[in-house]
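Below is one structure; the comments refer to it alone.
The values are calculated or read from the model by the stated rules, or taken from the named source; none is laboratory data. None of the values given here were measured: they were computed from a predicted structure. Cβ atoms come from the backbone with ideal geometry, glycine included; neighbour counts cover every protein chain shown.
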Amino acid sequence: MSKSTLVLFLIPAFLMAQFGPPPAKPAGPWMNKSLSPDERAALLVRQLTFDEKISLVHGTGWDALFGEMPKHSLGGAGFVPGVPRLGIPDLQMADAAVGVARGAVFGRYSTPLPSAVAEAASWNLAIARAYGALIGRELHDQGYNMGLGGGVNLTREPRNGRNFEYQGEDPILAGKMAGAEMKALSEQGVIPHIKHYAINDQENGRNFVNMKIDKRAMQESDLLAFEIGIEEGGVGAVMCSYNMVNGAYACENDYLLNQVLKKQWGFQGFVVSDWGGTHSSAKAANAGLDMEQPGSDYFGAPLKKDVDSGTVSAARLDDMVHRILRAEFAAGLYDRPADRQVPDVFHGLEVAQRVAEQGSVLLKNAGGQLPLSPSVRSIAVIGSHADVGVLSGGGSAQVDPPGGNAVANAGQAVFGAVVWHPSSPLKAIRAKAPHAKVDYDSGVDPAAAAKLAKASDVAIVFVNQPSSEGADMASLALPGDQDALVSAVAAANPHTIVVLETGGAVTMPWIDGVSAALEAWFPGIRGGEAIANILFGDVNPSARLPLTFPRSEQDLPRPKLAEQPPARDGDMVDFFPGFKVNGRTFDVAYDEGLKVGYKWYEAQGKPPLFPFGFGLSYTTYAYSDLKVTPASVTFSVKNTGARAGAETAQIYATLPSAAGEPFHRLVAWQKVELAAGETKSVTLALDPHYLSIFNADRNAWELLPGSYTVYAGGSSRDLPLHAAMEITGSR
Ligand code: BGC
């Protein structure tokens, strides 16, 4: 037998060993598609034995990630074996914050998308849908039926290492973007999911930190983002977070899970713990947790015992299983099972580029420095490995770069190496200016970089701040000598453009000395091409900041990152087998309350470096004719420049003084495409929920009577129009 024939025999043998025989075609009345997901789940729960029910509410252990893969697992972060006799599918979960992580375990490709913060910066629901549809499709293509994405924690802590996985600092923007993403993802036959519920806004001590925050502040900010995302996304699963909130772990927090998520919002899906975030059996189950991941420490034998003894009722176990099965039916897992195939790489690349083009924010453009002319004679490209790639965010959101890490041994992130996606800005810039002399300098020696800059017409300095799950940034300053590098280059060349690859806000002591700055975030597998398209004007930038860039850390609600105190004797605890961590608990008080992001800067009278909602275009816009009723806002926006563009028109409101909110809040927005010289009249609905406050005494939302002011304009700090609006009678 030839070698290749032998391989042909061995592949099916391997697949049979790993996956077993193909599953029997599911049969039973629950397969009737004309029944609702609830009816179908109820029929199926009745068929299950006690042991089968227990088997559906936990995973198979950390091995799914770090050891030998459980049989049938595709190698994603989580795995729950199904019940073949009833046709209940295995639940195959992959991390999917910015693309399918660990998709390559079986040699499949996944698209590394730009970070979620770039998606948010597009302020474009169509981009959010494209983002979700792509992730959903690639999950489905690779056999996964649940993605662990949809990060919607607000940027309360700008140094949080996971801000790149989230949608910025405003609950309405974040919730609507995550909701649109998850809706589109679910249409691909995958369970839509949102995380990390809730107030999980820093990585430092994340498993032991107790977030102290009052109910009104939570409801009007952090929780509102989840509420909107869950409702608009038709979300089937919510991941509770590692941290404690007001003294109880999020995964056994009755207020968060039972009272708010399930009762107040009417969530019908299931709650899954973050990996290792379950701390009890009966307490967690009775507080509303439905599934433990990744293992069975609490929801295996201990839960079985608790149900036997009645500490957890049999009805509650049925409810847990019902919620899981309901989410599976609702997402089409039974009617449209995963069908493994190689994802459409080309479509992925196109979507990734579109998101990066619409998500990169032009922060400064003095004297019309940009766009660059293709006839520029010489360009110095400097720093940040821009010769070979663009930076990726790290941790569980890390997507394997097709082509491999563009920078080997680039340093250690919390989960493995710092990864650079092989999309070369240098090559893309060269392609735009084929007749120019385009040279690269690593930026390691600022003097050498300045020399090259001096000898060039234009200098483009790439700077970065790596960030990853598991650690926060030490500060908002660019790490290493990058500030000195930019200053040296800017001193040598008055046409210095800075391109930032960061997961969120950084400080820019050099900003007055450079002529242009573009925030590209972690721009994904087509980042280089997208950046070049913006720099040369093939794409007119239209993105807006989804979070504030402060002038200095002194201006933050907490100038210093709240850190876990060092471990004392006996503080080291097993996080998972063989891995001990400092288990000392500590409090972080969110005394700024509902003043998150721009609301804080406005209330404190602190001008930011770049405000929320800000971003430049290669054209200009003007607003006029604002008319406001309690139900809607109408205004006109005109493209007053010479080229087509898309303006992100933003509507903010201030509430009657009885609300006690000395700042305005975003209540609506729309991205408006405008040809040069074109004017459009735009009408946006005003959702009364977004104008309301949460009355903690009554435990209810309330639309206060009184005078509101409604503002329209192009950023939270550029609101040329305003009009008064009266609301009569409390609602
Ligand atoms: C992260 C989650 C992730 C899970 C599975 C956890 O450490 O916090 O976001 O989905 O691991 O990889």
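Please work out if residue 472 is within 16 Å of the ligand (Cβ to nearest atom), surrounded by fewer than 24 Cβ atoms within 10 Å (Cβ to Cβ) and in a loop (DSSP other than H, G, I, E, B). Here the answer is yes, as residue 472 does meet what is asked.
So how many residues does region 51-61 have that are away from the ligand (no atom under 15 Å from the Cβ) and either of a type in the set (Gly, Ala, Ser) or not in a helix (DSSP H, G or I) (or both)? So the answer is 2.
So is residue 359 at pLDDT 95 or above, under 19 Å from the mean Cα position of the chain (by Cα), surrounded by 18 or more Cβ atoms within 10 Å (Cβ to Cβ) and within 16 Å of the ligand (Cβ to nearest atom) or not? The answer is no for residue 359. Of the strands (runs of 3 or more DSSP E) lying entirely inside region 209-279, those carrying at least 1 residues that are within 20 Å of the chain's Cα centre (by Cα) and within 15 Å of the ligand (Cβ to nearest atom) are 237-240, 270-273. Taking the criterion of being in contact with a Pro (Cβ under 8 Å, 6 or more places away or on another chain) and at negative phi, the residues of region 116-131 that qualify are 117, 118, 120, 121. When residue 174 is tested against (1) assigned to a helix (DSSP H, G or I); (2) out of contact with any strand residue (DSSP E or B) (no Cβ under 7 Å at 6 or more places or on another chain); (3) in contact (Cβ under 8 Å) with a residue 40 or more places away in the chain; (4) under 23 Å from residue 286 (Cβ atoms), just one condition goes unmet, and that condition is (4). Of the residues examined, residue 168 is not one that is surrounded by fewer than 24 Cβ atoms within 10 Å (Cβ to Cβ) and more than 13 Å from the ligand (Cβ to nearest atom). Residues that are in contact with a helix residue (DSSP H, G or I) (Cβ under 9 Å, 6 or more places away or on another chain), under 30 Å from residue 201 (Cβ atoms) and either of a type in the set (Asp, Glu) or surrounded by fewer than 20 Cβ atoms within 10 Å (Cβ to Cβ) (or both) within region 477-498 comprise 477, 481, listed in sequence order. Whenever a residue of region 82-104 is on the phi > 0 side of the Ramachandran plot, its partners that are part of a strand (DSSP E or B), lying with C-beta atoms within less than 9 angstrom and at least six residues away or across chains, give the pairs 102/94; 102/95. Taking the stated definitions as given, is residue 412 modelled with pLDDT under 95 and buried (at least 18 other Cβ atoms within 10 Å of the Cβ)? When the stated conditions are applied, residue 412 does not pass them. Just the residues that are of a type in the set (S, T, N, Q) and within 16 Å of the ligand (Cβ to nearest atom), please, taken from region 111-125. If the condition is that a residue be of a type in the set (S, T, N, Q) and within 16 Å of the ligand (Cβ to nearest atom), then 115 is the only one that fits.
Consider region 62-110 and keep the residues that are away from the ligand (no atom under 16 Å from the Cβ) and of a type in the set (A, V, I, L, M, F, W, C). The one that is surrounded by the most Cβ atoms within 10 Å (Cβ to Cβ) is 88.
When 577, 559, 566 are screened for being closer than 30 Å to residue 295 by Cα, without any contact (Cβ under 8 Å) to a residue 24 or more places away in the chain and surrounded by fewer than 15 Cβ atoms within 10 Å (Cβ to Cβ), only 566 passes. Counting just the residues of region 179-202 that are within 15 Å of the chain's Cα centre (by Cα) and part of a loop (DSSP other than H, G, I, E, B), which one comes out surrounded by the most Cβ atoms within 10 Å (Cβ to Cβ)? Across region 179-202, the extreme among qualifying residues is 192.
Listed by first and then second residue, the pairs linking a residue in region 395-409 that is closer than 22 Å to residue 345 by Cα to a residue that is at pLDDT below 90 and within 16 Å of the ligand (Cβ to nearest atom), with Cβ atoms under 6 Å apart and 6 or more places separating them unless they lie on different chains, are 400/104.
Are any residues in region 576-608 outside any helix (DSSP H, G or I), touching a Pro at 6+ places or on another chain (Cβ under 6 Å) and of a type in the set (A, V, I, L, M, F, W, C), and if so, which ones? Passing the criteria: only 586. When we screen 543, 530, 517, 484 for residues that are in contact with a Leu (Cβ under 6 Å, 6 or more places away or on another chain), aliphatic (A, V, I, L, M) and either without any contact (Cβ under 8 Å) to a residue 60 or more places away in the chain or within 30 Å of residue 348 (Cα to Cα) (or both), the only hit is 517. Of all the numbered requirements in (1) away from the ligand (no atom under 15 Å from the Cβ); (2) in contact with a Phe, Trp or Tyr (Cβ under 6 Å, 6 or more places away or on another chain); (3) among the hydrophobic types (A, V, I, L, M, F, W, C), residue 184 misses one, and that requirement is (2). The single condition among (1) outside any loop (DSSP other than H, G, I, E, B); (2) of a type in the set (Gly, Ala, Ser); (3) more than 30 Å from residue 615 (Cα to Cα); (4) out of contact with any Phe, Trp or Tyr (no Cβ under 9 Å at 6 or more places or on another chain) that residue 327 does not satisfy is (4). No other residue among 450, 413, 455 is out of contact with any His (no Cβ under 9 Å at 6 or more places or on another chain) and within 26 Å of residue 101 (Cα to Cα) apart from 413.
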